[in-house]
Amino acid sequence: MNIIKNGDSRVTKIINKKKLNDEAEYRLSIYTYLYSEKGRYLIQNTLTFEVIELTEQEWNAVQKIKIMPVSYDYIVKNVIEQLAMSRYIVEMDYDEIKQYQETVFLLKTMAGNKKGLRSYTIFPTTGCNARCIYCYEEGYAVKTMTTETADRLVDFISKTRYNDTVKLKWFGGEPLAGLNIIRHICKALYEKGIPYRSTMTTNASLMTKELANEAKELWHLEKVQVSLDGAKEDYTLRKNYYNPEKHNYDVVMKAIHYLADEGIKVNLRVNVDLNNIEHISEFLQDIEKEFDDMENIYLYIAPLFQEQHGEHCIDLYQEIFKLTDLQNELDIPKSTNGEHQTFRIRTNYCMADNVDNCIVITPDGVFNNCEHLPEAQSWGNIFDGVTDKAKFDELNQPAKVDEKCAKCPFLPECTPFYKNGCPGWFEKCYEYHCLKTEHDMHNLLKGVNAEAEDDDEEL
Ligand code: SF4
Ligand code: SF4
Ligand code: SF4
């Protein structure tokens, strides 16, 4: 056997065994995924993310363990002790969920308890100059932050921040439609000597060359996510701008150049459904021509939120993986598709299960834990602080492991939070993860680099 992808060393140090129990019976761990292709055999440990290539004989030995428990002697006879040492094969009474939870707890403890907020997701406005046919914010009241609220927000940041550079995430609506508020907050932080850096999710249609420079110099903007909808015709139909003369595909392409030229990383999120997907390969080729050297440009293809809940969700993902292969061939740098890197364990799913460190602020100054602003997830506001302590405590508790997740190899990737805490969870999560894992394994065998720019650092 041969390790073809190293595991997360933080985890292997905690869970790997030094010596096997010669009296125990052994079974296959829940946290394994087996994959074979054209006479090659892989096994992944989905807790450490290590991947080992097996010989046919080792593969056959593992297949037997999948069906029934085996003795220590069987493991020795088949020379697969390494699989037991690295926890692909475990003792019958080994409690893997407990081990997983203890590992996450240890990693969090080792990272230290950093008191104070480090990331503020700010909605300067919920208004937008587009009317995307799929906008999940449709129906939200349009509100824009006032300068008074912005001033209170700056006070709130200065009092609640962790003693380090503050991370601001501009979100909306279209955050650039609340440009003056962004300016106002950044200037005030600068004047107070509070170090900050920022990221933004935008349609980019309001970005100009001058603003891109201001974004770099004043907003300390490091990364931008721009949502695209594929080829120009599809984009125009789907974005449905109020003023298409001024705001359109060509303007957005220019804006992307301005941002990238300023050294700001631009992550293009290409939204697809079964109607626009057939034009995406052409679109990828256009992107390759448009951004010659791809400096600071990254791209990922993602299904529309609504499509994930449809009956063709897995068919759509299959097409997306094929297009991602084309993206590789065209050398268009990848970023993670809104999900997290699958090369290291996550101790949190996202900002929403990390309310000690991250907060979402609406234009009214109301707290939330999630950028989709579920109403039931608020516990206070910047004026009165915490008004609902019970809600805060509930959100601050580690999530319970769902019954379905407890039997699933992908729990370390999803975390217990995802299934019952994220509005983005979808029913076919297991099928999707199988597809994704097999796509990664296939690429590993082909020697394709599956690494992608991570769109969010560890929270
Ligand atoms: S750009 Fe974003 S906020 Fe604006 S309509 Fe489209 S999805 Fe909604
Ligand atoms: S959310 Fe779905 S894929 Fe993730 S661990 Fe739970 S059952 Fe598995
Ligand atoms: S809970 Fe889901 S939708 Fe909300 S911020 Fe986290 S990943 Fe995004």
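The values are calculated or read from the model by the stated rules, or taken from the named source; none is laboratory data. Note that the structure is a prediction, hence the values are computed from the model and not measured. Don't worry about glycine lacking a Cβ; one is built from the backbone with ideal geometry, like all the others, and counts go over all protein chains shown. These accessible areas exclude ligands, DNA and RNA; they are computed on the full protein's heavy atoms, side chains included. Shrake-Rupley method; radii C 1.70, N 1.55, O 1.52, S 1.80 Å.
Quick notes
- Screening residue 369 against (1) at pLDDT below 90; (2) over 21 Å from residue 102 (Cα atoms) leaves a single unmet condition, (1).
- Hits in region 251-283 (condition: open to solvent by less than 60 Å² (accessible area, probe 1.4 Å), of a type in the set (A, V, I, L, M, F, W, C) and touching a Gly at 6+ places or on another chain (Cβ under 9 Å)): 270, 272, 277, 280, 283
- All of 353, 388 fail the test of being under 30 Å from residue 151 (Cα atoms) and more than 16 Å from ligand 2 (Cβ to nearest atom), apart from 388.
- Helices (runs of 4 or more DSSP H) fully within region 137-233 counting 2 or more residues that are closer than 19 Å to residue 366 by Cα: 147-160, 179-192
- All positions within region 419-451 that are within 16 Å of ligand 3 (Cβ to nearest atom) and not in a helix (DSSP H, G or I): 422, 423, 424, 425, 426, 427
- Of everything listed in (1) out of contact with any Phe, Trp or Tyr (no Cβ under 9 Å at 6 or more places or on another chain); (2) at pLDDT 95 or above, the single unmet condition for residue 142 is (2).
- If you filter region 158-193 down to residues that are among the aliphatic types (A, V, I, L, M) and free of Cβ contacts under 8 Å to residues at least 40 places away in the same chain, you find that the one that is farthest from ligand 2 (Cβ to nearest atom) is 188.
- Residues (within 14 Å of ligand 1 (Cβ to nearest atom) and either without any contact (Cβ under 8 Å) to a residue 60 or more places away in the chain or of a type in the set (Val, Ile, Thr) (or both)) located in region 138-153: 138, 139, 141, 142, 144
- Scanning region 405-445 for residues that are open to solvent by 50 Å² or more (accessible area, probe 1.4 Å), near ligand 2 (Cβ under 10 Å from one of its atoms) and under 30 Å from residue 359 (Cβ atoms) yields a total of 2.
- Within region 48-66, the set of residues being open to solvent by less than 30 Å² (accessible area, probe 1.4 Å) and acidic (Asp, Glu) comprises 50, 58.
- Region 127-176 - residue that is polar (S, T, N, Q) and touching a helix residue (DSSP H, G or I) at 6+ places or on another chain (Cβ under 9 Å) and, of those, nearest to residue 230 (Cα to Cα): 129
- Of the set (1) in contact (Cβ under 8 Å) with a residue 12 or more places away in the chain; (2) more than 16 Å from ligand 3 (Cβ to nearest atom), all apply to residue 278 but (1).
- Filter result (in a loop (DSSP other than H, G, I, E, B) and either among the polar types (S, T, N, Q) or modelled with pLDDT of 95 or more (or both)) within region 311-361: 336, 337, 341, 342, 347, 348, 354, 357
- Matching option when the condition is within 16 Å of ligand 3 (Cβ to nearest atom), surrounded by 14 or more Cβ atoms within 10 Å (Cβ to Cβ), within 27 Å of the chain's Cα centre (by Cα) and over 30 Å from residue 11 (Cα atoms), among 172, 127: 172
- Hey, residue 384 under 28 Å from residue 165 (Cβ atoms) and more than 15 Å from ligand 3 (Cβ to nearest atom) or not: yes
- Residues located in region 139-150, provided they are closer than 21 Å to residue 200 by Cβ and either open to solvent by 20 Å² or more (accessible area, probe 1.4 Å) or within 16 Å of ligand 3 (Cβ to nearest atom) (or both): 140, 142, 143, 144, 146, 147
- Remark: pairs (first residue in region 70-82, farther than 15 Å from residue 24 by Cβ; second residue of a type in the set (Asp, Glu); Cβ separation under 7 Å; 6+ apart in sequence or on different chains) = 78/58.
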